[in-house]
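What follows is one structure encoded as structure tokens, with my remarks underneath.
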Amino acid sequence: MNALSRIKMIGLTGGIASGQTTVAQLLAAKGAQVIHGDVIARQVVEPGSVVLDQLVQAFGARILTADNRLDRSYLGQLVFADPALKRKLDQLIRPALRAELCNQIQIARWRACGSQTPVVVVDAALIFEWHSRQFFDRIVVVYTTDEVRLNRLMARDQLSQPAALQRISAQLPLSVKADLADDVIDNSNGLELTQQQVDYFWRRL
Ligand code: ATP
């Protein structure tokens, strides 16, 4: 077996504000190479990028801030209120996102090869929605109850309850994702309990 084939590929997913970033940080502290889908999603729409030009053509210059960056919050309001616009956004953004994700996975795999913990974690909200589970050895879903998630989302993003509910309902229900997962980490309670579950997952890995 060569070193590359020993690497475990973990898909880390969940729902908006369920705690993926939090769990990804705990896995990074264990020594995993972690790739954040959120960070890539920001990179591909940097000023000057082809994707940002395409978005402006599709949605108009109203989606730009005064300093010509993507106004993510305004674009979010537009697309979460209209499924056709959401589909349009997905069509424009997905190819670049996939290409950059593949690029970063290759780099992370080479890094993992030389490390004592050959594990690559891809933290991405849409693993199931994008039918990507075949790329991973295990899929971990970070779960929280809907009530906890709603409260955390409203507090983190300063959203009203209807706006937070709209974002939650635009995704597959978290209970469906949990049923599809190989492993579930329940992040509904304090961080200490989440840490214990991450420790257990890591030992079994
Ligand atoms: P998104 O996919 O929307 O970016 P996420 O799944 O990465 O979200 P986090 O950003 O990790 O979720 O967590 C959402 C919010 O809940 C954050 O403000 C975070 O600090 C808080 N949080 C996460 N886990 C816990 C916990 N166990 N106890 C209390 N607060 C938590």
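Couple of notes before you dig in:
- Cα-based helix-to-principal-axis angle, 50-59 vs the chain, degrees rounded to 10: 40
- Student exercise, the range 43-142 dipole from Lys, Arg, Asp, Glu Cβ charges, in Debye to nearest 20: 220
- Ligands, DNA and RNA aside, LYS88 has an accessible area near 90 Å² when probed at 1.4 Å.
- Solvent-accessible area of the range 45-195 (1.4 angstrom probe, protein heavy atoms only): carbon and sulfur portion equals 53 percent.
- The range 80-195 - charge dipole about Cα centre, Lys and Arg +1 at Cβ, Asp and Glu -1, debye rounded to 20: 480
- Computed [θ] at 222 nm, helices only, for the chain once each DSSP H run of length n ≥ 4 contributes -39500 (n - 2.57): -16500 deg cm²/dmol
- Figure note: SER175, SER115 ranked by solvent-accessible area, largest first, 1.4 Å probe, ligands and nucleic acids not counted: SER175, SER115.
- Heavy-atom accessible surface of SER49, to the nearest 10 Å², is about 20 Å², with a 1.4 Å probe and all protein chains retained.
- Solvent exposure of the range 87-205, expressed per residue, is 58 Å² of accessible area, with all protein chains present and a 1.4 angstrom probe.
- Accessible area ranking (1.4 Å probe, heavy atoms, ligands and nucleic acids excluded), largest first, for MET154, MET9: MET154, MET9.
- For the chain, pairs of C-alpha atoms spaced more than 25 angstrom apart make up 42 percent of the total.
- Here the gap between ALA58 and LEU85, fully extended at 0.36 nm per residue and compared with their Cα-Cα distance, gives a gain of 8.8 nm.
- Relative contact order, percent, the chain [alpha-carbon distance under 8 Å, six or more residues apart]: 37
- Area of VAL50 that stays accessible when all protein chains are in place (1.4 Å probe, Å², to 10): 100
The values are calculated or read from the model by the stated rules, or taken from the named source; none is laboratory data. Nothing here was measured: the structure is a model prediction, and the numbers come from that model. Neighbour counts run over all protein chains shown; Cβ positions are idealised from the backbone, glycine included. For the accessible areas, the whole protein counts, side chains as well, though only heavy atoms, and no ligand, DNA or RNA atoms are used. Shrake-Rupley method; radii C 1.70, N 1.55, O 1.52, S 1.80 Å.
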